[in-house]
Amino acid sequence: MSAASPSSTPAQGAFRKFRERNSRILPNIKARIGVGLLLAFVLLAVLAPVISPYSPTYTGFSLGASPSPAHLLGTTRSGQDILSQLIWGTRPSLDVSLTTGSITMLVAVAIGILAGLLEGIIDEILMLATNIVLVLPSIVLVIVISSYISAASDVTISFIIALTSWPWGARVIRAQTLHLKSKDFVKAAIASGENHFRVAFFEILPNMFSLVAANFFFTCLYAVVTVASLQFLGLGNINAISWGSILYWANNSNALMIGAWWWFLPPGLAIGLLGAAFALINFGIDELTNPRLRREGP
Amino acid sequence: MRYLMRRIIFYVVAFVATITINFFLPRAMPGNPAEALMSKFGGRLNPLALKSIEIAFGLHEHEPIWNQYLQYLGQLLHGNLGTSLAYYPASVSGLIGTALPWTLFLVGLSTIISFVIGIIIGSISAWRFGGAFDTFMSTFFTFTYAFPYFWIALACLYLIGYLWGVFPISGAYSMDLVPTLSGSFVFNVIRHAILPSLTIIFTSVGYWAVNMRNTTITTLAEDYVTMAEAKGITLRRILLRYAGRNAILPNITGFAMSMGFIVGGAILTEIVFSYPGLGNLLFQAVQQEDYPLIQGILMIISFSVLAANFVADVTYSLLDPRVRVGGNQ
């Protein structure tokens, strides 16, 4: 990116200089904070049995208590310790976002590379399907489908979200595949008789790792927020302990109107921080790698 | 014009695909929602409602699926979306007709305001690239983007609406008022719209700002900007009259596309603020398993998204001649 314009005007020079400095330091800071946050959540999820002061499902505490030394975030209206729920809620939230991210990227990578590599009629059909799914209103579809399936499990929800969110990645990956295909090393590989499978997995895929990773984290961000929204609406699995279901029960018990901010604010903050972790990693990767990638996407 | 023809064909295909998905979706679901519905409502349904479910779900099992599909298409062509179960005997199209204007008003207006503010912030960020304003805004938007919308909305509702009591917290107008075109009623409607509108603007302005900032920065690297600078034109003028115009192009397309999501995109806003729009109606339908209504709303939402995308394509080809030339190759 820095070699784009060898001679430049003062303004562009300033931009370029800043961009150079920016691209080396800032994204690293962004990515580092993001990775740090994510690791903290993973640790919280793994250590939940150790850290959590009480069982998240035990209902024997005083009902609807405000924060106290015994219950740092108070208790729910049915007498559960909110801090314990929050700590245990990390597990399903991490789980569902990473699962959704993985499924979505698998589909996106498969379709994107296939379309870019084969071109012709298969490309046309795949891109038509991609563009159609792209214009479907995904949040509406996700809500409707999860309402058709009563009490959908987390894995089902992951699949539903993946079903409507793969096209973004597929388009970017197809564009990058087309770009890589014009490079000499891929041409050489094809000329030397490597089959499509080998070209896809050994030549093209390793060279777009950062792109796939950035998209993966972006999908994770989308999944965290979407799953929480669904659970808040009472769709999906609201009886398991998760951040979204805490919010659902808080809202159901009018936590806001009785001023129980300790019930209602922390899960939202947790979702936001996990989302921010994914976003920061995504931006970090995006800025570290070639920014032209974005402009080449259709 | 070949470009436009291609796009028109695409949208026709996409629309048929959407209708087809809408038709097959409930039929493909495990546990057959139609049967569950029949057992739930039992003998309490009257013939018209029954007919409506039959069409939505194809309960005539003896009829081949193709016939059912054609019947469904026929009903759609006559603008007949069926009868609602939860709000029986209201028709689905009637319910949608009542809810749609509220959504268009609230979300449409909020989106326009958000777009304008976002473009201004984005331009300033690009102008002061790397400065304090830019850094602050970028960081700030990372967070508004990551937090779940409904939670921010609830927090605003709690703080501004409940604790401070500045704005009404639910509905589109006070329940004791009769909708008229009087000044006091209009004022009441606006007062009710401010809080939900603020939350939409707050959470969506970052998207426009970041996009505008990035496209402007990209545009500033173009040769004609260098040329303008060589001529000694001030940076401010370059940003406003040279780069800004071109940088705003992709954002206008994005704006047109987002108009399509207005109809379906604010489900959570309407639910949190009990706003009587389409999103709220959909949620009610989902909760009460009113399948004909769900199907009808899904249909309307898909249609408006496609229509808005088409408008976006047309606008872009009008504004940017390169698209038209590219289509002729």
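Compactness ratio for the range B:98-169: Cα radius of gyration over 2.2 N^0.38 Å (N = residue count) comes to 1.41. Here the extension length gained between residue B:98 and residue B:164 equals 20.6 nm, from 0.36 nm per residue of separation less the Cα-Cα distance. Coordinate range of the alpha-carbon atoms in the range A:189-298 per principal axis, descending: 71, 27, 22 Å. Cα convex hull, the range A:132-263: 139 Å³ per residue, rounded to a whole number. All other residues whose Cβ lies under 12 angstrom from that of residue B:8 are scored, Lys and Arg at +1 and Asp and Glu at -1, for a net of +2. Taken over the range B:182-329, the convex hull of the Cα atoms encloses 176 Å³ per residue. Each listed q (0.20, 0.21 Å⁻¹) maps to a log10 I(q)/I(0) for the range A:74-114, found by the Debye formula over equal Cα scatterers with no solvent: -0.66, -0.69. Between amide H atoms placed 1.01 Å from N, distances below 5 Å from residue A:236 occur with A:151, A:152, all of them 5 or more places distant or on a separate chain.
Entry for the range A:208-257 at q = 0.22 Å⁻¹: log10 I(q)/I(0) = -0.73, Debye formula applied to identical alpha-carbon scatterers, no solvent contribution.
About its Cα centre, chain A has a charge dipole of approximately 820 debye under the convention of +1 per Lys or Arg Cβ and -1 per Asp or Glu Cβ, with nothing else charged.
Taking the inverse of the mean 1/r over every pair of distinct Cα atoms in the range A:74-190 gives a Kirkwood hydrodynamic radius of 16.7 Å.
Could you run the Karplus curve 6.51 cos²θ - 1.76 cosθ + 1.60 with θ = phi - 60° over the range B:246-252 and give me ³J(HN,Hα) per residue in whole Hz, x for Gly and Pro? Karplus-based 3J(HN,Hα) across the range B:246-252 equals 7, 5, 6, 3, x, 6, 5 Hz. Just so you know, the averaged projected area of the alpha carbon convex hull for the range B:153-245 sits at 9.3 nm².
Along the range A:70-76 the Karplus relation, 6.51 cos²θ - 1.76 cosθ + 1.60 evaluated at θ = phi - 60°, assigns HN-Hα couplings of 6, 10, 4, 10, x, 10, 7 Hz to successive residues, with x for each Gly and Pro.
Each residue of the range A:40-50 is assigned a 3J(HN,Hα), and the resulting list reads 4, 5, 4, 4, 4, 5, 5, 8, 3, x, 7 Hz, derived from the Karplus form 6.51 cos²θ - 1.76 cosθ + 1.60 (θ = phi - 60°), x at Gly and Pro. Applying the Kirkwood pairwise sum to the alpha-carbon positions of the range A:137-194 produces a hydrodynamic radius of 14.1 angstrom. When chain A is treated as a Gaussian network with alpha carbon springs shorter than 10 Å, the biggest mean-square fluctuation among A:132, A:285, A:103 belongs to A:132. Helix A:154-181 and the longest principal axis of the Cα set of chain A meet at an angle near 20°. Once you treat every alpha carbon in chain A as an equal point and sum by Debye, what is log10 I(q)/I(0) at q = 0.08, 0.13, 0.14, 0.16 Å⁻¹? Evaluating at q = 0.08, 0.13, 0.14, 0.16 Å⁻¹ gives log10 I(q)/I(0) of -0.46, -0.97, -1.06, -1.22.
Read-outs throughout are calculated quantities, based only on the coordinates presented, and are distinct from any laboratory measurement. The model shown is predicted, which means the values in this text are computed figures rather than measured ones. For neighbour counting, all protein chains shown are included, and Cβ atoms are generated from backbone atoms with ideal geometry for every residue, glycine included.
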